[in-house]
Amino acid sequence: MWSFPLLPESASTIADKVDALFYFLVAVSLFFSLIIVIGLAFSAVRYRRGSAATRKGALDDHLPLELAWSLIPLAIALFIFGWSAKLYFEMRVPPANAMEVYVVGKQWMWKIQHPEGNREINQLHIPVGTPVKLIMTSQDVIHSFYIPAFRVKADVLPGRYTTQWFEANKPGEYHLFCAEYCGTSHSGMIGKIVAMEPADYERWLTGESQLGVAMSSDGKEVFERYGCRTCHRQDTGPRGPALDGLWGRKVSLANGETIVADQEYIRESILNPGAKTVAGYSAMLMPTYRNQLTHEQVNHLIEYLRSLGSAQNSK
Amino acid sequence: MSHSMHHGVLDVDNDYIHAGYGLKSWLLTTDHKRIAILYLISITIFFFVGGFFAFLLRLELMTPQGDIVTAETYNKLFTMHGVVMIFFFLIPSIPAVLGNFLVPLMIGAKDLAFPKLNLMSWYVYNIGGIFALYALVNGGVDTGWTFYTPYSSTYSLSNVVPVVIGAFILGFSSILTAINFIATIHKMRAPGLTWFKLPLFIWSQYATSVIIVLATPVIAITLALLLFERVMGVGIFDPALGGDPILFQHLFWFYSHPAVYIMIIPSMGVVSEIVSCFSRKKIFGYKFMTFAIMAIAVFGFLVWGHHMFISGQSVYAGFVFSALSFAVAIPSAIKVFNWTATLYKGHIEFRTPILYAFGFIGLFTIGGLTGLFLASLATDVHLTDTYIVYAHFHYIMVGGAVMGYLGGIHFWWPKMTGRMYNEAWAKFSALILFVGFNLTFFPQFVLGYVGMPRRYYVYPDEFQVLNVLSTAGATILGLGYIIPMVYLLWSLRHEKSAGTNPWNATGLEWTTQSPPITHNFEQIPIVSGEPYVYHEEGKVVA
Ligand SMILES: [Cu+2]
Ligand SMILES: [Cu+2]
């Protein structure tokens with residue numbers, strides 16, 4: 001019980017890189033703290049009132065010194081900034097081959113679904129050695145998906161997708177915390193990340209306890225049930241654009257901009273169709289599904305549209 | 001009432017304390033010194049209320065599970081702790097008490113430029129306070145002092161509206177004080193007192209006032225928008241109503257980051273006065289010190305986005321805010337180096353105020369350096385919203401701002417009250433504070449690094465030991481705040497008179513009697529020399 005860690009576990013490819021920077025910062029901090037503490041202590045003792053030490057040559061201004069203690073810290077600061085910015089870029093931009101998992105946060109639980117259909121609550125099973133990208137949204141307030149052992153964290157916002165990625169490199173169970181205060185049971189919005197050897201993960205994914213159907217098949221069902229097909233027909237009917245091949249394609253909008261069709265774009269097209277209108281179509285036509293579809297159903301639709309084929313057929 | 005005749009002061013009875021008797025003479029006063037005392041009383045009450053909340057929080061955190069309060073109460077306690085300490089104590093602390101008292105005295109003026117506005121500011125402050133207390137009595141508020149939407153605008157069932165109205169009103173009291181300081185410092189300096197002869201305390205009040213005037217309206221508007229959304233359902237922040245989910249954070253931090261400087265810059269001013277006085281040396285690099293203060297004030301407006309590196313802000317915005325945050329660390333470093341250099345080859349006398357100044361420099365240095373961990377993008381991802389953030393900003397706000405405030409109180413207490421205090425007790429409590437503070441907050445650095453999120457009512461077992469240490473420290477810290485209350489109040493009746501200038505300090509405030517007369521000076525002083533003339537050609541000016 002009285003064993004307690006002073007260092008966090010390290011279980012992702014990024015963790016050691018973050019720690020290296022962290023310890024560099026610790027070293028810089030120690031260095032400057034020592035300069036100040038030794039400086040203060042030295043003067044306090046040697047130049048205490050009444051001491052015999054000579055005060056000859058006492059200064060109250062010295063330009064070279066001022067420049068030194070402005071510019072040297074500035075140089076160190078810029079160095080840290082550069083190092084950190086590069087690493088941050090790496091943390092924020094997921095590799096193209098990342099496997100994707102959908103996360104929906106709500107007061108006070110994490111609902112997770114793998115594209116293969118497996119659903120989890122407050123748990124996330126992942127394979128080690130594979131980059132995993134989370135596509136996250138909240139159905140109420142702001143939450144934050146935090147895995148200390150992986151040194152990653154990202155806010156989970158209502159009304160928008162945010163993403164984060166990581167690659168576990170050590171099998172084990174790790175804390176999952178909600179890090180953004182979200183109301184009464186904020187500290188209960190916790191769970192665990194189970195990182196498994198790839199073979200174990202495959203077994204888990206297809207195991208008998210997993211009753212789900214692939215998200216895309218659920219999505220197909222939603223697509224039929226909510227009458228999307230009446231407008232979005234294969235043969236490019238009179239009303240809406242065809243949706244196969246949409247995923248990953250550049251869409252030209254009525255306002256002249258182009259945008260790549262990704263999760264965020266499709267989500268917005270379904271929930272807030274007025275926001276971005278496809279060139280050549282009427283903005284008024286597509287109804288909003290904001291209060292009809294759950295966040296999970298929207299995720300299912302996205303996976304369905306994605307299964308209809310993508311622009312880069314390689315993927 | 002006994003008054004000793006001292007130092008050729010003929011009529012001690014017309015000092016500002018004895019200029020009138022009875023409650024009314026205080027509640028309707030326009031004397032900046034009396035208003036400072038009124039503020040001192042108000043903020044001290046709020047300080048102990050906020051401190052009591054903190055104590056309950058630390059008590060609850062002794063064990064991993066919930067024991068003495070419910071989760072809901074816990075959330076309300078940390079919210080009210082933050083709201084009270086930040087809005088009702090730290091922001092007004094030095095400006096409204098020491099600034100009010102000293103700005104006219106230090107520049108050789110009879111009062112502030114707008115004495116009635118000054119009194120109004122105290123009333124506005126208290127009206128804000130009444131709203132907050134009403135919310136408290138009515139069941140509290142649980143949004144966190146940051147009021148993030150859409151939790152605060154849509155989901156929280158607690159008293160968001162009165163607290164937000166309270167904070168909104170309170171902002172105007174800061175604005176009134178700030179306008180007063182700006183006008184006074186521009187227009188009412190004694191003849192000969194040019195800008196670069198001003199004590200750094202005045203520069204710090206000036207910089208703070210500029211920030212307050214520019215930033216506070218933004219938080220007022222933000223809080224008003226929050227009320228529109230909560231009360232009338234106007235969709236601004238809540239995506240369910242068509243709002244933007246992180247707009248609130250941009251607006252909130254656009255004020256609240258500069259607010260950090262509103263809290264710390266005045267303390268920097270105090271520390272400069274103390275360090276110079278008790279080392280009998282001119283402040284090192286005076287001009288750099290003034291530039292540094294103004295640089296902090298200006299750059300402070302450009303870094304708000306460093307609170308949002310994981311909020312879904314773009315990567316490139318992150319780069320900009322991070323780089324600027326590193327830049328704003330430089331003027332703070334300049335200040336710390338200059339204080340240290342001031343002491344070098346001085347004649348350091350260990351009276352109580354300089355102990356606080358030493359505490360300030362050490363703790364502020366740690367607080368500032370740990371800020372780099374959070375300004376740095378990649379480490380911030382892991383560290384933000386954990387206990388490291390608590391530790392970092394308490395090193396700045398408590399180790400820095402509160403230490404500076406207490407140092408200032410101990411430095412100018414003789415001037416404000418005409419009395420000395422028991423220095424043995426004062427030094428002892430400074431030590432207690434220093435030890436208690438570090439024991440409370442240092443373990444929180446470690447807690448944050450191992451991953452304990454902030455605002456957690458229950459937590460995994462492995463974090464317990466560090467939490468127990470922190471609670472033990474908080475108990476000692478609490479003691480360190482109670483002791484000064486006792487010996488300072490005691491001094492009013494029982495300690496010896498201070499005389500005009502007990503520390504042999506320079507500065508115009510020390511040329512008039514203690515406590516000063518209502519109009520501060522018998523004659524408006526004329527200034528010819530530089531500030532901080534503590535040493536001339538190698539010999540100490542005693
Ligand atoms: Cu939460
Ligand atoms: Cu900030």
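I'd like to check which helices (runs of 4 or more DSSP H) are fully inside region A:181-295 and have at least 2 residues that are away from ligand 2 (no atom under 16 Å from the Cβ) and of a type in the set (V, I, T).
A:263-271
With the requirement that a residue be facing another protein chain (nearest Cβ under 9 Å) and farther than 30 Å from B:Q65 by Cα, what does region A:164-202 give you?
The one that is facing another protein chain (nearest Cβ under 9 Å) and farther than 30 Å from B:Q65 by Cα: A:Q164.
Taking A:P8 and the conditions (1) at the interface with another protein chain (Cβ under 7 Å from one of its Cβ atoms); (2) of a type outside the set (V, I, T); (3) closer than 30 Å to A:N169 by Cα; (4) part of a helix (DSSP H, G or I), which numbered condition does it fall short on, given that it satisfies the others?
Answer for A:P8: the failing condition is (4).
Can you tell me which residue among B:T518, B:T500, B:T506 is in contact with a His (Cβ under 6 Å, 6 or more places away or on another chain), open to solvent by 20 Å² or more (accessible area, probe 1.4 Å) and in contact (Cβ under 8 Å) with a residue 60 or more places away in the chain?
Working: B:T518 fails: in contact with a His (Cβ under 6 Å, 6 or more places away or on another chain); B:T506 fails: in contact with a His (Cβ under 6 Å, 6 or more places away or on another chain).
On inspection, the qualifying residue turns out to be B:T500.
Can you find even one residue in region A:110-123 that is over 26 Å from the mean Cα position of the chain (by Cα) and among the basic types (K, R)?
Taking region A:110-123 as the starting set, the residues that turn out to be over 26 Å from the mean Cα position of the chain (by Cα) are none.
So far as region A:110-123 goes, no, none of its residues is over 26 Å from the mean Cα position of the chain (by Cα) and among the basic types (K, R).
Could you tell me whether any residue of region A:122-134 is within 14 Å of another protein chain (Cβ to nearest Cβ), assigned to a strand (DSSP E or B) and open to solvent by less than 10 Å² (accessible area, probe 1.4 Å)?
Scanning region A:122-134 turns up at least one residue that is within 14 Å of another protein chain (Cβ to nearest Cβ), assigned to a strand (DSSP E or B) and open to solvent by less than 10 Å² (accessible area, probe 1.4 Å).
State all residues of region B:180-205 that are within 22 Å of B:C277 (Cα to Cα) and surrounded by 24 or more Cβ atoms within 10 Å (Cβ to Cβ); if no residue qualifies, say none.
The answer is B:P199, B:L200, B:F201, B:I202, B:W203, B:S204, B:Q205.
Need the failing condition index for A:E202 against (1) touching a helix residue (DSSP H, G or I) at 6+ places or on another chain (Cβ under 8 Å); (2) more than 16 Å from ligand 1 (Cβ to nearest atom); (3) open to solvent by 10 Å² or more (accessible area, probe 1.4 Å); (4) on the phi < 0 side of the Ramachandran plot, just the number.
Going through (1) touching a helix residue (DSSP H, G or I) at 6+ places or on another chain (Cβ under 8 Å); (2) more than 16 Å from ligand 1 (Cβ to nearest atom); (3) open to solvent by 10 Å² or more (accessible area, probe 1.4 Å); (4) on the phi < 0 side of the Ramachandran plot one by one, A:E202 breaks only (1).
Of the numbered conditions (1) β-branched (V, I, T); (2) within 30 Å of A:E268 (Cα to Cα); (3) buried (at least 16 other Cβ atoms within 10 Å of the Cβ), B:I212 fails exactly one; give the number of that condition.
In the conditions (1) β-branched (V, I, T); (2) within 30 Å of A:E268 (Cα to Cα); (3) buried (at least 16 other Cβ atoms within 10 Å of the Cβ), B:I212 misses (2) alone.
In region B:297-320, is there at least one residue being touching an Asp or Glu at 6+ places or on another chain (Cβ under 9 Å) and farther than 30 Å from A:T13 by Cα?
Scanning region B:297-320 turns up no residue that is touching an Asp or Glu at 6+ places or on another chain (Cβ under 9 Å) and farther than 30 Å from A:T13 by Cα.
Is there a residue in region B:36-49 that is within 14 Å of B:P515 (Cα to Cα) and modelled with pLDDT of 95 or more?
Yes, region B:36-49 has at least one match.
Residues that are within 8 Å of chain A (Cβ to nearest Cβ) and open to solvent by 10 Å² or more (accessible area, probe 1.4 Å): does region B:295-312 have at least one?
yes
Check off (1) open to solvent by less than 30 Å² (accessible area, probe 1.4 Å); (2) assigned to a helix (DSSP H, G or I) for B:S158 and give me the number that stays unchecked.
Result: B:S158 passes all but (2).
Look at region B:227-263 and say how many of its residues are in a helix (DSSP H, G or I) and either within 14 Å of chain A (Cβ to nearest Cβ) or aromatic (F, W, Y) (or both).
Residues that pass the stated criteria total 15.
Quick one: which residue in A:A41, A:A98 is free of Cβ contacts under 8 Å to residues at least 40 places away in the same chain and more than 8 Å from chain B (Cβ to nearest Cβ)?
Criteria check complete, one pass: A:A41.
The values are calculated or read from the model by the stated rules, or taken from the named source; none is laboratory data. Since this is a predicted model, take the numbers as computed values, not measurements. So basically every Cβ, Gly included, is an ideal-geometry build from the backbone, and we count neighbours across all protein chains shown. SASA here: full protein model, heavy atoms, side chains in, ligands and nucleic acids out. Shrake-Rupley method; radii C 1.70, N 1.55, O 1.52, S 1.80 Å.
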